[in-house]
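Note sheet for the following structure.
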Amino acid sequence: EADIYQTPRYLVIGTGKKITLECSQTMGHDKMYWYQQDPGMELHLIHYSYGVNSTEKGDLSSESTVSRIRTEHFPLTLESARPSHTSQYLCASGGQGHQPQHFGDGTRLSIL
Amino acid sequence: KNQVEQSPQSLIILEGKNCTLQCNYTVSPFSNLRWYKQDTGRGPVSLTIMTFSENTKSNGRYTATLDADTKQSSLHITASQLSDSASYICVVSDRGSTLGRLYFGRGTQLTVWP
């Protein structure tokens, strides 16, 4: 049923590495989002986009960056991973007005 | 401060029983309230969305209620199944920005035992 895909699902990597988390959706949604979620905690918005060439930072300060060159693709990049970046990252699209957001299954990132 | 509080934090019930999860919010202005189900290791999936004028909405065995005056919502699960074991997240959207900002609760972790 998933129309929004995230890769990789799991990533364990050493400190200092550059990481790109991929997110793609096939629903033609203009709005896309990245959230960070730690166990037992609420989702925190770290980046969002209204459409191609539009990106904004969310509520939670993040050292990551995003790009939106194509409608369907919204990758998130960490230039130099640190242990504090260990978390689950969820990508979502849609949610405009009274429409639901559609979420990917997330990337669980562990930085050693 | 705009907040969404959910209770209980966790709940264990036996298969076949009913349960009710609570959500209180202070978000203003209000646009809509959403309930999501998040299975372990998966992304949240939408169950219901209610606007100001709606006070109840059902999706199969899930029934959500909304009291916009007291700023409370509940999610009632009827005849629970093992597959209902998940985190249930309450999300409130405001009308204060073009983005329609979402405020997330921390979720209620429901475990259904056979």
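Remark: the protein assembly as shown carries a charge dipole of roughly 220 debye about the Cα centre, counting +1 on each Lys and Arg Cβ and -1 on each Asp and Glu Cβ. Take each residue in A:97-109, count the other chain C-beta atoms within 10 Å of its C-beta, and the mean is 5. Close amide H pairs (under 5 Å, H built 1.01 Å from N) link B:Leu47 with B:Trp35, B:Tyr36, B:Lys37, residues at least 5 positions away or on another chain. Count Lys and Arg as plus one, Asp and Glu as minus one, and take only other residues whose Cβ is under 13 Å from that of A:Leu43; the net charge is then 0.
Any read-out appearing in this document is the output of simple, stated calculations on the displayed coordinates, not a laboratory observation. Bear in mind that the values here come from a model prediction, so they are computed numbers and not experimental data. Glycine gets a Cβ as well: all are built from the backbone with ideal geometry, and neighbour counts include every protein chain shown.
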